[in-house]
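The values are calculated or read from the model by the stated rules, or taken from the named source; none is laboratory data. Predicted model only: the values in this text are computed from it and were never measured. Cβ: placed from backbone, ideal geometry, glycine included. Neighbour counts: every protein chain shown. Calculation scope for accessible area: heavy atoms of the full protein, side chains included, ligands and nucleic acids excluded. Shrake-Rupley method; radii C 1.70, N 1.55, O 1.52, S 1.80 Å.
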Amino acid sequence: GAGVSQSPSNKVTEKGKDVELRCDPISGHTALYWYRQRLGQGLEFLIYFQGNSAPDKSGLPSDRFSAERTGESVSTLTIQRTQQEDSAVYLCASKEALPANEQFFGPGTRLTVL
Amino acid sequence: DAKTTQPTSMDCAEGRAANLPCNHSTISGNEYVYWYRQIHSQGPQYIIHGLKNNETNEMASLIITEDRKSSTLILPHATLRDTAVYYCIVRAHFGNEKLTFGTGTRLTIIP
């Protein structure tokens, strides 16, 4: 079946602009995660959704970052007033309800802030 | 989640077994060991996980020491497509959902 998809695959924006990144999880997966990966580094957790609620937002680096999820499916990560340090690959993952433990990752969105 | 330590990089000849070590000396009783890998320009891919018994699936084997302070991921017959960064992650099965990735081991399979 279809895996996790993300769009756009690449986004180049100017400093100060807002961007929206989209994640389409695997159908039926109740859990959804956003991670960020800077060049040459491991993944940083940003936020976790269970259904449409977000019990763990601890990884969002500032109030410029927000995310929402509707209909227990699509999620959007929004970055306002982008800064150059926001440049990274933003990865989305989804997972079935417990006791499943495997997170399935999308291909990521490469964000470049000029 | 407990911290993990992995070598920065390793090489392995094609067709040989690749053995990737991971130290997790502060692991607690309810924490599992997970392995993911990330092939260049792709999202991470789940490989295997275990608690205290050795585990095997179609991709790899996971050997966990009796004291659970370290583990080894074994790719039995490495191919060029196994070249990737391999991440060892320790986390509780329930509760904290996020995966905490370190910098992993960059495994290069040599033809």
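Note that region B:84-92 has calculated 3J(HN,Hα) couplings of 5, 9, 10, 10, 9, 10, 10, 7, 6 Hz, one per residue in order, obtained from phi through the Karplus relation 6.51 cos²θ - 1.76 cosθ + 1.60 (θ = phi - 60°); glycine and proline are x.
Taking amide H as placed 1.01 Å from N in the peptide plane, B:Glu14 has its amide H under 5 Å from the amide H of B:Ile110, each at least 5 places away in sequence or on another chain. Remark: relative contact order (chain B) = 37 percent; criterion is Cα-Cα distance under 8 angstrom and separation of 6 or more residues.
Across peptide B:43-52, how many C-beta atoms of other chains are within 10 Å of each residue C-beta, on average? Could you put the intermediate results ahead of the total?
Details: counts 16, 10, 4, 7, 1, 1, 2, 0, 0, 0.
Taking all residues of B:43-52 together, the mean is 4.
As a length-normalised measure over Cα pairs under 8 Å and 6 or more apart, the relative contact order of chain A settles at 37 percent. Taking the alpha carbon gyration tensor of region B:1-104, multiplying each eigenvalue by 5 and rooting it gives semi-axes of 22, 15, 12 Å, largest first. For region A:1-44, the alpha carbon convex hull comes to 119 Å³ per residue, rounded to a whole number.
Stretching A:Val74 away from A:Ser9 to a fully extended chain increases their span by 21.8 nm, per 0.36 nm per residue minus the current alpha-carbon distance.
Heavy-atom accessible area for A:Ser27, with the other protein chains in place and a 1.4 Å probe, reaches approximately 110 Å².
Comparing A:Gly51, A:Gly71, A:Gly16 in a Gaussian network model of chain A (Cα springs below 10 Å), the most mobile by mean-square fluctuation is A:Gly71. A crude spin-label estimate for the pair B:Asn19 and A:Asn101, with each label 7 Å from Cα along the Cβ direction, gives 2.4 nm.
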